[in-house]
Amino acid sequence: MAFNFKNEEDVRLYLKNIYTEYRFGCDSEKDANACHLLGDYMESISGDFEKAGEIYKANCDERNWARSCAKYGGYLGVGRGCEQNMNEAFKYIKKGCELGDGIGCVRAGILASSPKHKLMDSRADQVALGMSMLSKGCYEHNKEEGCFYLSGIYLGGLKGEVEPNLKEAYKLSIKSCEAGNPYACANLSQMHARGDGAEKSESLAEAFRERSRVLHRELKKAQKQIEFGQGIQV
């Protein structure tokens, strides 16, 4: 059946059909992907965060679905549809990473390397684990956010925990810049301008500066399109 997505009744019927499909796939066939999609439906279409969280949690606990683990951990981290609990959040996001979810690796890495949260008995072990997960998100899953956060740690270091490593910061910033992060490109421009961990070169500094400007403009344009789209009721 073809649906006309400009017709309100067709949209309602389509959403009802996919809900039925996801519900059957999850409840009757015990399909982990269907369960995760059902959670996404409850989150995005129904706006029922409590139910979505319950689905993600069950899908993680019972079927070890990586994305559901990381999603439920994210809910716990901000208290969405549940009580906020940072230690439980870290446990679930970390599990998502261990099961192969790249976004989970980045989120868990950010949490562990932040001084705001005590998630392990040893701060040194916690930071080392956080950096390891950021590296995994960057290199194994090609998540540029992981590259960028890890480059930031190496740029400034962490007092008493991690010494600055400008060459490593440069390598990670290159990867992040190439993936479209304007802030990473700006950092590269500064490194070349000062000769910090890279060749001192005004021409390279200007090239990365211009790349950063272009990416900033593209991000602003994309953000305006998203804001416009959010005003459309479907």
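Checking the structure you have, find out if any residue of the stretch 195-202 is under 20 Å from E144 (Cβ atoms) and either in contact (Cβ under 8 Å) with a residue 40 or more places away in the chain or aromatic (F, W, Y) (or both). Within the stretch 195-202 (the criterion being under 20 Å from E144 (Cβ atoms) and either in contact (Cβ under 8 Å) with a residue 40 or more places away in the chain or aromatic (F, W, Y) (or both)), the answer is no, since none of the residues qualifies. Checking each residue in the stretch 112-126 for being farther than 14 Å from G146 by Cα and part of a helix (DSSP H, G or I) picks out R123, A124, D125, Q126. The number of residues in the stretch 73-97 that are under 19 Å from M131 (Cα atoms) and free of Cβ contacts under 8 Å to residues at least 12 places away in the same chain comes to 0. The conditions of being buried (at least 24 other Cβ atoms within 10 Å of the Cβ) and at pLDDT 95 or above are met by G104. For the residues G109, G100, the requirement of being in a helix (DSSP H, G or I), closer than 28 Å to E161 by Cα, touching a helix residue (DSSP H, G or I) at 6+ places or on another chain (Cβ under 6 Å) and of a type outside the set (F, W, Y) singles out G109.
The values are calculated or read from the model by the stated rules, or taken from the named source; none is laboratory data. What you see is a predicted model; the values in this text were computed from it and never measured. All Cβ positions, glycine included, derive from the backbone under ideal geometry; neighbour counts span all protein chains shown.
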